[in-house]
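Each remark here refers to the structure printed beneath this line.
The values are calculated or read from the model by the stated rules, or taken from the named source; none is laboratory data. It should be emphasised that the depicted structure is a prediction, and the values quoted were computed from it without experimental measurement. A quick note on method: Cβ atoms are made from the backbone with ideal geometry, for glycine too, and the neighbour counts reach across all protein chains shown.
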Amino acid sequence: MMEDVLQNIRVVLVGTLYHGNVGSVCRAMANMGLRELVLARPRLCDDPSDASRMAVHAADILDARREAATLAEAVADCAFVVGTTARGGLYRQHVKTPRESAPELLRLATNGKVALVFGCEDKGLSNEEIGLCTHLIRIPVHPDYTSLNLAQAVLLCCYELYSAVGSYEPPVEKSAPASAARKLKLAEMWREMLLRIGFMKEDKADHMMQGVQRIFSRGVYSDDDVAILMGVARQADWAARNGGGVKPKGSTMA
């Protein structure tokens, strides 16, 4: 069934504060055919019974939820990480609406795990967390009141995914999609290489790497893509250490 692709989409809640919102998210997921929920660094501070009360008939999703210490851990095995944001900013400019994104995300989910990430109720996702995302979504709302309840935001995004099932063409890609953990390793290699060759200074590295990661997220999808860019980083690093030249034969690219 085409709906099976929804099982490859994981909902991740970051820094969640309220058990009732977790339960409501479970109910929204069940309404739209999604089953996998991960809480990254939860900060739950109220009555735990609110979760089951709000989940209603989605107790199975609530009971099967997992917890992770960080967002990076929660999405480490995901090839694509989709962040939701209501704020603007330099690294939040290439957002799409859930309706625009849904067909592409379903297509991507045929080849690898997709994480749909929502920030905490009071602050949303930080710039560092946005830096881990390959795609960004913003839900269009009236400008006079842009705040959405967490479960409402999850429901709207999941509704668009559910509605778009069957409206996409499966991709043909010879290389398997790269996991979030492998992409993070790529970014670490490029950070070290760019510092070594003098492209950036340590005090500006965090800011510069946000830009590099945004470039990577828009086009580095497959494991082959990552292997090539890792090879570039290794070659540049070797050249910087050895005064230029070509790395000896037999050196590996990935």
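Look at segment 225-241: where a residue is closer than 17 Å to Ile215 by Cα and in a helix (DSSP H, G or I) and a partner is among the acidic types (Asp, Glu) and at pLDDT 80 or above, sitting 6+ places away or on another chain with Cβ atoms under 8 Å, you get Ala233/Glu192.
In segment 164-187, the residue that is modelled with the highest pLDDT out of those that are surrounded by 12 or more Cβ atoms within 10 Å (Cβ to Cβ) and among the charged types (D, E, K, R) is Lys185. Exactly one residue out of Phe216, Phe199 is assigned to a loop (DSSP other than H, G, I, E, B) and modelled with pLDDT under 85, and it is Phe199.
Contact map, segment 189-203: first residue under 20 Å from Val226 (Cα atoms), second residue loosely packed, with under 13 Cβ neighbours inside 10 Å and at pLDDT 85 or above, Cβ cut-off under 9 Å, separation 6 or more or different chains; pairs are Leu195/Lys201; Leu195/Glu202.
If you go through segment 69-101 and keep only what is over 11 Å from the mean Cα position of the chain (by Cα), small (Gly, Ala, Ser) and at pLDDT 95 or above, you end up with just Ala69.
Here is a yes/no grid of residues against (1) within 17 Å of the chain's Cα centre (by Cα); (2) of a type in the set (A, V, I, L, M, F, W, C):
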{"site": "Met54", "(1), (2)": "no, yes"}
{"site": "Leu108", "(1), (2)": "yes, yes"}
{"site": "Val114", "(1), (2)": "yes, yes"}
{"site": "Cys120", "(1), (2)": "yes, yes"}
{"site": "Ser126", "(1), (2)": "yes, no"}
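Meeting the requirement of 2 or more residues that are among the β-branched types (Val, Ile, Thr), in contact (Cβ under 8 Å) with a residue 12 or more places away in the chain and in contact with a strand residue (DSSP E or B) (Cβ under 6 Å, 6 or more places away or on another chain), no helices (runs of 4 or more DSSP H) wholly within segment 27-130 can be named.
For (1) modelled with pLDDT of 95 or more; (2) among the charged types (D, E, K, R); (3) more than 18 Å from Val22 (Cβ to Cβ); (4) surrounded by 14 or more Cβ atoms within 10 Å (Cβ to Cβ), each residue gets a yes or a no:
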residue: Ser52; (1), (2), (3), (4): yes, no, no, yes
residue: His57; (1), (2), (3), (4): no, no, no, no
residue: Asp63; (1), (2), (3), (4): yes, yes, no, no
residue: Pro103; (1), (2), (3), (4): no, no, yes, yes
